[in-house]
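Any read-out appearing in this document is the output of simple, stated calculations on the displayed coordinates, not a laboratory observation. Just so we're clear, the structure is a prediction, and the values are computed from it rather than from any experiment. No Cβ is skipped: glycine too gets one built from the backbone with ideal geometry, and neighbour counts run over all protein chains shown.
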């Protein structure tokens, strides 16, 4: 499902039209992105938790040449599914 399809599904809920659904989804994206950029976790009980993890510098390989390269340290986003979401998928 892509963003447009998600907005359409959200708009199918009573009391929401497409414009409101798009605004709500855009607001959620902005708030989660801002919190993660600040290093904060975002926990949605039952759904899951978004967090930031630190990655150490590591060695990799250029697939085209086979040459060894150093991949810089950085930060990445992690998501841990909550119990309700896990149970729904099982």
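Of the residues making up the range 3-57, those that are assigned to a strand (DSSP E or B) and surrounded by 10 or more Cβ atoms within 10 Å (Cβ to Cβ) number 9.
Within the range 58-86, the set of residues being free of Cβ contacts under 8 Å to residues at least 24 places away in the same chain and in a loop (DSSP other than H, G, I, E, B) comprises 62, 63, 64, 65, 66, 67, 72, 73.
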